[in-house]
2 protein chains.
Amino acid sequence: MGRLRWQVVAAAVGLALALEALPLALRWLRARRRRPQHEVLFFPSQVTCTEALLQAAGAGNAGGAGPPAGCRCSLPHGESSLSRLLRALLAARVSLELCLFAFSSPQLGRAVQLLHQRGVRVRVITDCDYMALKGSQIGLLRKAGIQVRHDQDLGYMHHKFAIVDKKVLITGSLNWTTQAIQNNRENVLIMEDADYVRLFLEEFEHIWEEFNPTKYTFFPQKKRSH
Amino acid sequence: MGRLRWQVVAAAVGLALALEALPLALRWLRARRRRPQHEVLFFPSQVTCTEALLQAAGAGNAGGAGPPAGCRCSLPHGESSLSRLLRALLAARVSLELCLFAFSSPQLGRAVQLLHQRGVRVRVITDCDYMALKGSQIGLLRKAGIQVRHDQDLGYMHHKFAIVDKKVLITGSLNWTTQAIQNNRENVLIMEDADYVRLFLEEFEHIWEEFNPTKYTFFPQKKRSH
């Protein structure tokens, strides 16, 4: 009888432990066969506070100072299309290619600078009209030491895409400006798709090489006589 | 001996017929397990003649008058990003939703009119700035009897997408203007993907309802006193 009782107790404890472990095991299994990232963001985005998200990314840079204290500003603190876009960018660990017609959003600019500080290799292609425009983030990125190249054409460099770690493509109609994020009807696709990433990366490298500053013409009206 | 010879002849004929049929069988098999459409078009597009493509689509409308005689203009007659975009649109048999910030390309306008004539249900959403702009295709589409709705916001209706037969999504950075097609760096994705199509269709229906003319405000400064 004593032995049977112990067996029952042992079985009960075993069952309890197994039930406890089940959700963990399921989560582990789900993570292993995670679907590739496949998301659409629509804008205008609700205006939310992205301070916690950016501070957490910055704290990571400072050697893991831990998550910041909750922000108490009057904005909503939930998810929004902008916060999701920031999250997709801040996931970068190795490289970030940006090919953007217009870039003036301070939050997105800060995210890109954080990645650069964290050692991510950031390269930016933009349209010449946005190189020195008031409110443009491009000058700040250049000052921070990030490489930027631009066209010299009459046609626009009108792409709006980013490639994260040569693995995730972010592309759509959205220019990275506060006006577009908060007021326009826009879409952004976030796609973990090897075929699309390869094609957009080829396009990036092609333009990057074509916009090499050694090929710029500074005084087209001057004849190259010497 | 005579019998053996006939057997050899029959086997040879059988083999020849089988070899003849093989490519057909392979093509049939390939068509059956065809990969969903999955393509990227980059612009600027080479300027090519799209007359044959549009005439063939028009001839189809006139009751199958057959393919047109080859065009002899001085433009190249091969494929280009524009011709591929036209092909993707002209594949529509039932419905076409267009949600476009700017639409002035005559070739794309002609393709949309052809689809309308062919009985495809075409609906267009555009930005109010482009309703009556010189060179815009929107007025021509309206005159042809195609339903068009537009925003009344200060923010832009900046999407640039199309949905063909509720099956294929066409989206990217490209405004449907000749300037963009011929001079800008642009991208367009053509995706046969049920998830993306569903999300963009929801966005379309949502905007379509929001821009219902019964909700327009024509004299916002007037008070509704009666």
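The values are calculated or read from the model by the stated rules, or taken from the named source; none is laboratory data. Keep in mind it's a predicted model, so treat the numbers as computed, not measured. Here the Cβ is made from the backbone with ideal geometry for all residues, glycine too, and neighbour counts use every protein chain on show.
Numbers at a glance
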item	result
Some residue of the range B:133-155 being within 12 Å of chain A (Cβ to nearest Cβ) and among the acidic types (Asp, Glu)	yes
Hits in the range B:163-196 - residues which are more than 9 Å from every other protein chain (Cβ to nearest Cβ), out of contact with any strand residue (DSSP E or B) (no Cβ under 7 Å at 6 or more places or on another chain) and over 23 Å from residue B:121 (Cβ atoms)	B:177, B:178
Hits in the range B:147-161 - residues which are surrounded by fewer than 15 Cβ atoms within 10 Å (Cβ to Cβ) and of a type outside the set (A, V, I, L, M)	B:147, B:152
Filter result for the condition that a residue is under 30 Å from residue A:191 (Cβ atoms), at pLDDT 85 or above, surrounded by 10 or more Cβ atoms within 10 Å (Cβ to Cβ) and within 14 Å of another protein chain (Cβ to nearest Cβ), over B:104, B:83, B:45	B:45
Filtered residue count, the range A:131-154, keeping only those that are closer than 28 Å to residue B:190 by Cβ and in contact with a Phe, Trp or Tyr (Cβ under 9 Å, 6 or more places away or on another chain)	1
Condition met for residue A:160 (within 14 Å of chain B (Cβ to nearest Cβ), touching a strand residue (DSSP E or B) at 6+ places or on another chain (Cβ under 7 Å) and either touching a residue at least 12 places away in the same chain (Cβ under 8 Å) or of a type in the set (Ser, Thr, Tyr) (or both))	yes
Whichever residue in the range A:107-138 is closer than 30 Å to residue A:154 by Cβ and in contact with a Gly (Cβ under 8 Å, 6 or more places away or on another chain) and, among such residues, is modelled with the highest pLDDT	A:137
Any hit, the range A:136-146, residues being in a loop (DSSP other than H, G, I, E, B), in contact with a Ser or Thr (Cβ under 8 Å, 6 or more places away or on another chain) and surrounded by fewer than 16 Cβ atoms within 10 Å (Cβ to Cβ)	no
